[in-house]
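S.K.: Take a look at this one; I'll ask things after.
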Amino acid sequence: GADGVGRLGSGGGRLALGAARRELFGLGAGDQHGAPGIGRGAGMRVAVVQMKTTLALARQWAITHRQRTCVVFPGLNDANRISGYTVFATNRYATGPGSYAYVKDWSYLPKGVVIHFAGSDLRTGLQFPNPTSTSQRITADAVIFLPDGTIDGSGGSYGSRILLAEGWANAVTNASGLVSPDYGLVQGGVSQLLRIATHTGSVKAGFSINP
């Protein structure tokens, strides 16, 4: 748009550019999962390191424990965890009744950095046990490592891709008490595309600009 900010989801009217920048770069109060004041360049660098570390953990767990292991991204399916991710391991496919474990606690991307789901290549629409209720499930996207350390993905040299982009992701509660995601990208903002090698799990990061 003319103000340089593109908004997705159902968060209501558009923020003014100045307000959006204050939120994006940690100059405002921020939300409970953000890292205020981290700065745009530093925030993206931290996000890349977080993702590489988590992907390495998941692959190592898959090999060591001989379990299918997923890096789980609820995204727009869960407004309260929209910028969150975790690692889940199972002896069966995610929808099966086999034994499973959440390998790490939920983590959140730095404030000002989001996953651009439309620009990523992930396994989508998977069902996982809700970590807070064994009788419920969550729907999420995931990078899946097989017990031999390879990616269960779309094939080719890179089995999965994660596009990190400058943007915002918050949970918004309306007057009726319903929680919905407020999610958007900064037009012309910096992006980093993480390409995960199918056979080795190595991650290559490439710089780009948000459309």
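S.K.: So what's the Cα pair-distance distribution over segment 137-200, bin width 10 Å, in %?
M.R.: Per 10 Å bin, starting at zero, the Cα-Cα P(r) for segment 137-200 comes out as 18, 30, 29, 18, 4 percent.
S.K.: Alpha carbon centre of segment 56-73 versus segment 184-205: separation in Å?
M.R.: One Cα centre to the other: 19 Å.
S.K.: Additional query: Got a number for carbon plus sulfur as a percent of segment 106-173's accessible area, 1.4 Å probe? Before the final figure, lay out each step's value.
M.R.: Numbers: 1120 of 2520 Å².
Of all accessible area on segment 106-173, carbon and sulfur atoms account for 44 percent.
S.K.: Quick one: 3J(HN,Hα) in Hz for segment 161-173, Karplus 6.51/-1.76/1.60 with θ = phi - 60°, rounded, Gly and Pro as x.
M.R.: These are the phi-based 3J(HN,Hα) values: 9, 10, 9, 8, 9, 6, x, 9, 8, 9, 9, 10, 9 Hz.
S.K.: Over segment 171-211, what is the relative contact order in whole percent, taking alpha-carbon pairs under 8 Å and six or more residues apart? Intermediate results must be reported in sequence, preceding the final value.
M.R.: On the way: 48 pairs, mean separation 13.7, N = 41.
RCO, segment 171-211: 33 percent.
S.K.: Could you order peptides 139-150, 42-53 by the average number of other Cβ atoms within 10 Å of their residues, highest first? Mind showing how you got there, number by number?
M.R.: Values: 139-150: 20.5, 42-53: 17.9.
Highest to lowest by the protection proxy: 139-150, 42-53.
S.K.: Let me ask something else about it. Averaged per residue, what accessible area in Å² does segment 98-147 show with a 1.4 Å probe, protein chains only? Mind showing how you got there, number by number?
M.R.: Details: 2140 Å² over 50 residues.
With the other protein chains kept in place, segment 98-147 gives 43 Å² per residue.
S.K.: Then there is this: Pull up all non-local amide H partners of LYS104: gap of 5 or more, or a different chain, and H-to-H distance under 5 Å with H placed in the peptide plane.
M.R.: Here VAL87 satisfy the definition.
The values are calculated or read from the model by the stated rules, or taken from the named source; none is laboratory data. All values reported here derive from a predicted model rather than from experimental measurement. Glycine also receives a Cβ, built like all others from the backbone with ideal geometry; neighbour counts cover every protein chain displayed. The protein model used for the area step is the full one, side chains on, heavy atoms only, and it has no ligands, DNA or RNA in it. Shrake-Rupley method; radii C 1.70, N 1.55, O 1.52, S 1.80 Å.
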